[in-house]
Amino acid sequence: MRKNCTLFIDTTNNYCYLAVSYSCLILKKAKLPVNKNVTDIIVDAIHKLLKQAKVKPLDLTHIVLNIGPGSFTGDKVGVTVAKAWKLFDPRIEIMTINSLLLQTKDGNGVSVIDAKSNKLYLAVYKQEKEIVKPCLIDKKDLAKFKKKYSKLPLVIDQTDSMYDNFLKHSKSFKKVQDIKYLEPLYLKNPV
């Protein structure tokens, strides 16, 4: 049994990504398809993952949470789980990162996520520093950002690398000081 483990939660898109890590190594991970049922599956999925990793809930010391932008419901579910966990176990530290930074492999890039309805979520990062804050743009405006930041890679909907990137971006996690201020990163109104 291991102590001082971290639970990673990402419910912001079409999959629920979960991972348990210890000392910068992923012990177990799960990628579950979400079909408007993330609220129904999240608690059981976490329980199952912890059991597979042979980690008890009280062995966790940190929760790392992707706060979005992404699916309106998915963003909210992850935040709700983290808040509830913190209320249950006040010693847990909650750390956050946003989807746009998380999908960059090395903290560099014009990071873009499809926001549907001809809109995109966009942010620009250089060495994990925010050059353009996460925002909502029209798809037609992407060319302007690509041209302006042509020396940076274009990163679009890179959800396959979430686990590796979770470990790589540990210095960019933001510690939540007070859970009453923990909120999803909403950049558009729900559809």
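Of the heavy-atom accessible surface of the chain (probe 1.4 angstrom), what whole percent is carbon and sulfur? Looking at the chain in its full context, I get 54 percent from C and S. As a calculated quantity, the FRET efficiency between residue 181 and residue 4 at R0 = 25 Å, using C-beta atoms, amounts to about 0.50.
By how many nm would the segment from residue 58 to residue 154 lengthen if fully extended, with 0.36 nm per residue of separation less the alpha-carbon distance?
Working: separation 96, 0.36 × 96 = 34.56 nm, distance 4.01 nm.
Value of the extension gain: 30.6 nm.
Ranking 52, 118, 80 by Cα position along the charge dipole of the chain, where only Lys, Arg, Asp and Glu carry charges on their C-beta atoms, puts 118 farthest toward the positive end.
Of the listed pairs 76/119; 83/171; 3/129; 28/86; 86/126; 54/105, which have alpha-carbon separations greater than 25 Å here?
3/129; 86/126; 54/105
Across the stretch 42-48, rounded Karplus estimates of 3J(HN,Hα) from the backbone phi angles (6.51 cos²θ - 1.76 cosθ + 1.60, θ = phi - 60°) give 4, 5, 5, 5, 5, 4, 5 Hz, Gly and Pro being marked x. With each label modelled as a point 7 angstrom along the Cα→C-beta vector, the residue 22-residue 48 pair spans 2.2 nm.
Using the 1.4 Å probe convention, the accessible area of the stretch 1-80 works out to 51 Å² per residue with neighbouring protein chains retained. Residue-wise HN-Hα couplings along the stretch 24-38, as the Karplus relation 6.51 cos²θ - 1.76 cosθ + 1.60 with θ = phi - 60° gives them from phi, are 6, 10, 7, 7, 8, 9, 9, 10, 10, x, 10, 10, 6, 10, 4 Hz; Gly and Pro carry x. Applying the Karplus relation 6.51 cos²θ - 1.76 cosθ + 1.60 with θ = phi - 60° to the stretch 53-62 yields 3J(HN,Hα) values of 7, 6, 10, 8, x, 6, 7, 6, 10, 9 Hz, where x marks Gly and Pro.
Label separation (residue 147 vs residue 170): 4.2 nm, computed from points 7 Å beyond Cα along the C-beta direction.
The values are calculated or read from the model by the stated rules, or taken from the named source; none is laboratory data. Not measured: the values here are computed from a predicted model. All Cβ positions, glycine included, derive from the backbone under ideal geometry; neighbour counts span all protein chains shown. Keep in mind that these areas ignore ligands, DNA and RNA; they rest on the heavy atoms of the full protein, side chains included. Shrake-Rupley method; radii C 1.70, N 1.55, O 1.52, S 1.80 Å.
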